[in-house]
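Notes to accompany the following structure.
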Amino acid sequence: MTETIALHTRLKPGAAADYADAHANIPAELVAALRAAGVHDWRIWRSGEELFHLVEVEDYQAMRRALADDPVNVAWQERMSALLAVEDDYSGDDHGIERVWRLP
């Protein structure tokens, strides 16, 4: 059974175009690493500088552990750290945004 994880990140002011450009050309090696780590789908929406992610993954915590030291992901995170207000160094034990309600 897969998990659906919602995430919220924020861009640095003026970084929206560079962020969009980066995501228009995701390296094939990163896609392969995400898939190997159990990611089925990852969608991102942007409203101003706010980013909202929806991740469909086998096991979110296992994915984070698998990607923490993956050279392709480390390089991607370095690239993203120049664009994001708070960089993700994979040191935490986050579980995404708490779900409050779902249409029955």
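Output the helices (runs of 4 or more DSSP H) that fall wholly within the stretch 20-104 and possess 2 or more residues being open to solvent by 60 Å² or more (accessible area, probe 1.4 Å) and in contact (Cβ under 8 Å) with a residue 12 or more places away in the chain, or say none. Lay out the reasoning, then the answer.
Values: elements: 28-36, 60-68, 71-81.
So the answer is 28-36.
With the requirement that a residue be open to solvent by less than 80 Å² (accessible area, probe 1.4 Å) and among the charged types (D, E, K, R), what does the stretch 1-11 give you?
Selection gives Glu3 alone.
The values are calculated or read from the model by the stated rules, or taken from the named source; none is laboratory data. Since we're looking at a predicted model, the values are computed, not measured. With ideal geometry, Cβ positions are generated from the backbone for all residues, glycine too; neighbour counts draw on all protein chains shown. These accessible areas exclude ligands, DNA and RNA; they are computed on the full protein's heavy atoms, side chains included. Shrake-Rupley method; radii C 1.70, N 1.55, O 1.52, S 1.80 Å.
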